[in-house]
1. Identify the single condition in (1) modelled with pLDDT of 85 or more; (2) more than 28 Å from Thr50 (Cα to Cα) that Ile173 does not satisfy, given that it satisfies every other one.
2. Taking the criterion of being at pLDDT below 75 and surrounded by fewer than 17 Cβ atoms within 10 Å (Cβ to Cβ), would at least one residue in the range 236-243 satisfy it?
3. In the range 236-293, which residues are in a helix (DSSP H, G or I) and under 19 Å from Gly318 (Cβ atoms)?
4. Mind listing whichever residues of the range 99-131 are surrounded by 24 or more Cβ atoms within 10 Å (Cβ to Cβ) and of a type in the set (S, T, N, Q)?
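The values are calculated or read from the model by the stated rules, or taken from the named source; none is laboratory data. These numbers come from a predicted model, not from an experiment. When we count neighbours, we look across all protein chains shown, and the Cβ atoms used for this are built from the backbone with ideal geometry, even at glycine.
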Amino acid sequence: MHDSPLVQSLVSGLTAFRVACLVWLIAILGATRNEVDRPWVAFALVSAATIVTAVWVFRLRSAGPTALLGRKPLAIDVTVAASLAVGDGIVFDGPHSLSLGSSWPLTSVLSVAIGWGARGGAAAGVVVGVANALGDLIEGSVWTFGEILSRASTLFLYTMAGAMAGYASRRLIAAEAEIAMTRARDEVARTLHDGVLQTLAVVQRRSDDTQLAALAKDQERELREYLFGAGVAEGGGDLGAALRHVATRAEKRDGTSIRVVVAPDVPTLDRAVVEAVAGAVGEACTNAAKHGEARTVTVYAEPTDDGLTCSVKDDGRGFDPGTTTEGVGLTRSIRGRVADVGGRVVVDPNPGRGTEVRLTVPSSPRSLSP
């Protein structure tokens, strides 16, 4: 664990909670002073809790949160918490209205949870819960069935609080690390996109050496796949593989650069639907290079309520639908394929700004047109 902003926030919030619990602990002792039988024990216990709280406040500022989450600091923390819980039965020699172990020991359980996760938090909760029961036993309380049930409930709550706090903190820390990695990857992607990828594209266009241009093409494609993802994620079935296959074939044939992205929550599609979408996308990529003179094409697929929508967008010259008649490729290979599986096609020509072809298809054979 490192001193990340999230860990800093968790420990800072817990430290504020610890201070508030200490104030409440002192208030409890003051409110029950007439019921205290061993004031020197009470003073020693509250002093220990005060020292631990002060150490947390000052060490957090001087050394950072991880300095407080090591084995030794947490062991001392739990020891003081358990002593408070057990000592409650020594300080008060009989029934009393408020308990010294009611709130401050919980901060120790949460501290261990942040430092050592769900198992550590649960173990600390068991220690403090058992210490509470021992304190009642020392006090000489009559353990009726209701009292036993109450002690078991306290033990359960401390244990669950530690376990859940540890689980939640670990998930939050993991999420923070993943976000940081994603941001770093995006930064690298932007840097490489503005430098290396553009250089490779220039080499392809200007080199008279066909082998060098092909090598630059392959390196650009591999780098793009590494930076931006090759396409399919879990839940996409065979669609991602099919789209990557037709994209790779179109790249080699037409010289375009094609990026394929499939949303991670795309449902599993019927084989006929996958083949129809892949065929239509392949034809759209060919049209982008052949008629639109596009250099780059982006294929993006995402789920809809009852199936899938797939966009094929290029940076070519587009066309004017008022003066241009749809060719056989668009009519039969794209519209025809999609219509055969019960889908529809929308073409956005964008003269001078590229063309976008949007396919919408159902996911299951039951939705197919008869």
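1. (1)
2. Yes, some residue in the range 236-243 is at pLDDT below 75 and surrounded by fewer than 17 Cβ atoms within 10 Å (Cβ to Cβ).
3. Of everything in the range 236-293, those that are in a helix (DSSP H, G or I) and under 19 Å from Gly318 (Cβ atoms) turn out to be Ala250, Asp254, Ala280, Val281, Glu283, Ala284, Cys285, Thr286, Asn287, Ala288, Ala289, Lys290.
4. Ser108, Ser111
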